[in-house]
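We did not get these values from a lab; they are worked out from the coordinates using the rules stated. Treat the numbers as computed from the prediction; the structure is a model and nothing was measured. Quick reminder, even Gly has a Cβ in these numbers, built from the backbone with ideal geometry, and neighbours come from all protein chains shown.
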Amino acid sequence: MAPSIVTGPLLQVKDLYTQFDTPKGIARAVDGVSFSLERGKTLGIVGESGSGKSVLSRTIIDILAKDGSVLYDGEIIFEGRDLRALNEREMREIRGREIAMVFQDPMSSLNPVKKIGKQITEVLTKRMGMSSHLAKVRAAELINSVGIPDAEQQLGRYPMHLSGGMRQRIAIAIAIACEPKLLIADEPTTALDVTIQAQILDLLKELQNKHDMSVMLITHNLGIVSGYTDDVAVMYAGKIVEKCSTDELISNPIMPYTEALMNSAPSLADAPHTRLQAIPGLPPNLLNLPEGCSFQSRCNYKEEKCSSYAPDLTTIKNPDHKFACWYPLNFSGTREPLNNA
Amino acid sequence: MPDDQMLNSEPLLEVNGVTVEYNMQGARFDAISDINLSIEKGETLGLVGESGCGKSTMGRAIIQLPSPTFGSVKFLGKEITGLSHNEMRPIRKSMQIIFQDPISSLNPRRRVRNIVAEPLVISGIKKKDEIDHKVREALNAVGMDPDIAMDRRPHEFSGGQCQRICIARALILEPDLVICDEPVSALDVSVQAQILNLLEDMKERYGLTLLFISHDLAVVKNVSDRVAVMYLGKVCELAQSEQLYKAPAHPYTAGLIATIPEVGDKGATKSLALKGEIPSPLNPPSGCRFRNRCPIAQDKCTTDEPILNEIVSGHQVACHFPLIEQ
């Protein structure tokens, strides 16, 4: 077990690549991603389907196919240790215990033919070495702590007896059973109603504060990012294209893609029948990324340079606000070409 | 809204006292009960609510799949409940439906040309040229290049493109009413905007009337002229969309609006956020169905069921203690 004296960020991802070797070629799902996550903080990862956000999280806890079809490069430093260099046994000690994950669909992430109690106590007896009696007591406590009434009774029920929101609460109870230092929540509320979504996100926040966890919250919804994260990374076609504090991103997006994403969502503030500013076209094919910037074909501000040179993650005035664009939207809302080719 | 139609007071669709009963494990319950709605020609009526509130059942009851257990559905002035399968067939031409998951609603083994042409074939059009011409026109209308798309199969397209194909198929018979059941819920936000804009364009081009079913209040506001909010099988509020979002009268509507995460929001629970979950329709609460989640429920709510009542012109609410002045 890693000593708790290790300082610095809890998680540091350095120049990470995850590629799938498919019959049609190499799919560059995560394409050179770097970021770090401080203890107790929440990092939002935003992007459309296919942007690589889920592959990134699955790479971190190493649950992608192990048949050699997935290629990796880069480092994932968790509490001073590089997870990519660990063997499967060492990784198993970390997965679930130090880093836990909550998935999008609570029906398919729970075992449908096992009682809920069993699914929670299993974690406690196998991973924490608890006696089965103690595990039962603890399981009831956990169910209670995720806001489900009649905890004792719930232990004897099956997932099918519960609503989607309740199932997701159980999935969260299992995830926090070992008091992980990092919780990765991959679209935890996408399958849920908006009222239940708010309850689950509030619950995650509460548990995070109580256990001083770091959370990686993966979502496509900028509204959720705005309310529940400290920092945010916007992903597009396998790359982080903008990264800064959440407040900064909301008030001052620099990337044309981030701006387009914000504008395309219907807002409650707009009158009915307001024409939405849709982003034209589709995200690029990861098997065949274009030369230069991968957003160029959908960008309102495209210039010649964008189709020949891929922009790196860089900063201008604010050193904490990174972006990958040749022609960023500047602070007054107009563009200034940069000479950092 | 088309003003020439306004003089003609007959609504395109009139739903009166519609109840749909289902059987579950021997117990009968109402998926929707005693619903009254009307949709004017050229109007978009939004239908919102949580999963299990009966909004999809409502959409299906209108197209008689299945027919409602009680009540009447009048389409273009004609009663359509109780029609036989054969009598219903010509009417189906003028009502179409678009589903949530565009990929599973397209047959993966057929080519786009045949998928989009199917309604024409069923309606008895046999001429190859005519079918070909109409399919091209429909695909063009939804922003797809017929030369590229026609001979491909659904798996070669993204979710957004599949939804365009579904829309082309729904529009090829030039229906009067299109029921959109969560048409953008499975799509990414950037694609969602494309499809919402497309639906607005199609509405204009084909003079459509839409029933737009969604759980997403921001999406519903964007497309709807009027919005009906459903809770546990009943309509609890109905108003012009602007009015509904500006001054919701039902605590449930207010709670729904308050829970939407919007860009610029700063975290956690707002005072109106809803607690708990929608109860089972097998055993709805006595009195007001919303009372056990309602922040302002009183004794009266346990005993008396509030009925849908017009409190301001065009604004109906089923609540004993509506949030706006009467």
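Taking the Cβ of A:P266 as the centre, find all other residues whose Cβ is under 10 Å away and add up their charges (Lys, Arg: +1; Asp, Glu: -1). My count for the surroundings of A:P266 gives -1. Summarising the amide proton neighbourhood of B:Y231: residues at separation of 5 or more, or on other chains, whose placed amide H is nearer than 5 Å comprise B:C236.
Gaussian network model of chain B, Cα springs within a sub-10 Å range: biggest mean-square fluctuation belongs to which of B:D201, B:D265, B:D34? Looking only at B:D201, B:D265, B:D34, the biggest GNM fluctuation is shown by B:D265.
Net charge near B:I311: determine it from the other residues with C-beta under 11 Å of the C-beta of B:I311, scoring Lys and Arg +1 and Asp and Glu -1. Display every interim value, and only then the final one.
On the way: positive: none; negative: B:E237, B:E310, B:E325.
Local charge sum for B:I311: -3.
Would you tally the net charge around B:A249, using a Cβ to Cβ cut-off of less than 13 Å, leaving B:A249 out, and scoring K and R as +1, D and E as -1? Write down the numbers at each step before the final one.
Values: positive: B:K246; negative: B:E237, B:E310, B:E325.
Result for the neighbourhood of B:A249: -2.
A DSSP coil position with no more than 11 other Cβ atoms inside 10 Å describes the following trypsin sites (Lys or Arg not before Pro) in the range A:220-318: A:K317. The distance linking the range A:251-291 with the range A:157-191 is 30 Å (Cα centroid to Cα centroid, whole angstrom). A crude spin-label estimate for the pair A:M107 and A:K14, with each label 7 Å from Cα along the Cβ direction, gives 4.4 nm. In whole angstrom, how far apart do the alpha carbon centroids of the range B:205-221 and the range A:1-79 sit? Centre-to-centre distance over Cα atoms comes out at 39 Å.
Compared with the direct C-alpha span, the chain from B:E79 to B:D34 gains 14.5 nm at full extension, assuming 0.36 nm per residue.
Applying both filters, DSSP loop and at most 13 other Cβ atoms within 10 Å, to the chymotrypsin sites (Phe, Trp or Tyr not before Pro) of the range A:224-333 gives A:Y309, A:F331. Relative to the current alpha-carbon distance between A:S34 and A:E75, full extension at 0.36 nm per residue lengthens the span by 13.9 nm. In order along the range B:53-70, the phi-based Karplus estimate (6.51 cos²θ - 1.76 cosθ + 1.60, θ = phi - 60°) of 3J(HN,Hα) comes to 8, x, 5, 5, 4, 4, x, 6, 4, 5, 8, 6, 10, x, 5, x, 5, 10 Hz; Gly and Pro are listed as x. As a proxy for reagent exposure, ranking B:M144, A:M235, A:M107, B:M88 by other Cβ atoms within 10 Å from fewest up yields A:M107, B:M88, B:M144, A:M235.
Which one, A:P290, A:P319, A:P311, has the greatest fluctuation when you compute a Gaussian network model over chain A with C-alpha springs under 10 angstrom? Per the Cα network of chain A with a 10 Å cutoff, A:P319 tops the list. Taking amide hydrogens as placed 1.01 Å from N in the peptide plane, the amide H of A:E98 sits under 5 Å from that of no residue at least 5 positions away in sequence or on another chain. Take the cross-link list A:K53/A:K239; B:K55/B:K221; A:K115/A:K181; B:K55/B:K246 and give me the ones stretching past 21 Å between alpha-carbons. A:K115/A:K181; B:K55/B:K246, as the Cα separations exceed 21 Å there. For the protein assembly as shown, just say rounded, prolate or oblate: build the C-alpha gyration tensor, square-root its eigenvalues into a ≥ b ≥ c, call rounded for a/c under 1.5, and beyond that prolate if a/b exceeds b/c, oblate if not. The shape class here is oblate. Projecting the Cα atoms of A:S267, A:M213, A:Q168 onto the charge dipole of chain A, computed from C-beta unit charges around the Cα centre, puts A:Q168 farthest toward the positive end. Here r is the Cβ-Cβ distance between A:T22 and B:S104 and R0 is 22 Å; the resulting FRET efficiency, rounded to 0.05, is 0.40. Of all aspartates and glutamates in the structure, the ones whose alpha carbon falls short of 18 Å from that of A:K210, not counting any fewer than 8 places away in one chain, are A:E38, A:E98, A:E141, A:E179, A:D202, A:D230. For A:E304 and A:L134, the difference between the fully extended length at 0.36 nm per residue and the C-alpha to C-alpha distance is 54.6 nm.
May I ask you to derive the FRET efficiency for B:F321 and B:E21 from their Cβ-Cβ distance with R0 = 25 Å, giving the value to the nearest 0.05? Numbers along the way, then the final one.
Numbers: r = 30 Å, r/R0 = 1.21.
Calculated transfer efficiency: 0.25.
Highest GNM mean-square fluctuation among B:G143, B:G276, B:G255, for chain B modelled with Cα contacts below 10 Å: B:G276. The alpha-carbon of B:K234 sits under 14 angstrom from the alpha-carbons of these aspartates and glutamates, leaving out residues fewer than 8 places away in its chain: B:E21, B:D30, B:D34, B:E50, B:E305.
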